[in-house]
Amino acid sequence: MIGGRPLDGLADARLQLHWAAQLLARFGDARVEARSDYSHSALTWDPEGTRFRGEPDPSGRWLEFDPIGLVYRMSGPGDASAEFALRGRTLDEAFSWLASLPGEEGRLEIGELDVPTHPVSSGRAFDPDTADVAELAAWFHEAHVALERVRAAHPTVSPERIWPHHFDIAVLITLDSPDVEPDAEKARSVGAGMVPGDTTYGEPYWYVTPWPYPANPDLSALPSLPSGAIWHTEGWIGGVLRGEQAVRAGVDGVANYLEAAVDACAGMAGT
């Protein structure tokens, strides 16, 4: 259950998990056939194991990360028992462990990652607060449950993915068929997801955004949103349900917000 920790105090644990997730993304880059939307490097949430899971490679192996135990596991044929405990260890050590596994020698490099900086990115050992990590895991789990409800209600929705750059868990609802608009960059859509915090809002928050953004939006005409949600209009337009409001709203309140915001954003996409 979310809300067990102060939501404005999760930044350190969030950034450490964000960097830990990069190992799964780099495995996808190196071992999974590339896709134009970069989803080969994206992660998913495993609700039964309460962990992040990377894309499987051609041999059926995948890398996963238990955020509460802070443990990487290589699963699938051949290396199901391979594990690496990250607490007290560095990112370089984690990459070295992965490179040492059969079939992985020399395949992976950390490289220059466009991820918010944190001391773990320059050699400090991982040591996040256990309770804060558990809180963040609860947010990802509840986001997974809520987004599955969105997916059930919209037949043109994408698979649910966790994107390693922004560390958000999200789906994309396509409004135009390829026959109407074959260019995916121009096709109308609505994105919905949860960010565990960033420079815009320091706490976890939900967002729903239209694409393309309306050219000349009448901000005064934006409909009100339920559950204490607001419209974000600086830099991007979208419905936002901030962390404390989401905790108070509960599961049904978040669902009501998502439904209303998706409908509103679908109406303004590309207008």
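Quick note: the coordinates plus some simple rules give every number you see, no bench work behind them. Owing to the predicted nature of the structure, the values given are computational and were not obtained by experimental measurement.
At a temperature of 20 °C and a viscosity of 1.002 mPa s, determine how fast the range 149-221 diffuses translationally according to Stokes-Einstein, using the Kirkwood radius over alpha-carbon pairs as Rh; express D in µm²/s, rounded to the nearest whole number.
The calculation lands on 156 µm²/s.
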**Complete:** Here the tail fraction of P(r) beyond 35 Å, over all Cα-Cα pairs of the chain, rounds in percent to 18
**Item:** Taking only Cα atoms of the range 3-52, radius of gyration then Dmax in Å
**Value:** 13.8, 40
**Request:** Could you work out, for the range 131-268, what percent of all Cα-Cα pairs fall into each 5 Å distance bin, beginning at 0 Å and stopping at the bin that holds the largest distance?
**Result:** 2, 10, 20, 24, 21, 14, 6, 2, 1, 0
**Asked** For the chain, what is the calculated [θ] at 222 nm in deg cm²/dmol (nearest 500), taking -39500 (n - 2.57) for each run of four or more DSSP H residues and dividing by its residue count?
**Response** -10500 deg cm²/dmol
**Asked** Most fluctuating residue of 143, 184, 21 in a GNM of the chain with Cα springs under 10 Å: which is it?
**Response** 184
**Asked** Where the convex hull is taken over the Cα atoms of the range 14-78, what is its projected area averaged over directions, in nm²?
**Response** 4.6
**Computed over the range 7-128, Kirkwood Rh from alpha-carbon pairs, angstrom** = 14.7
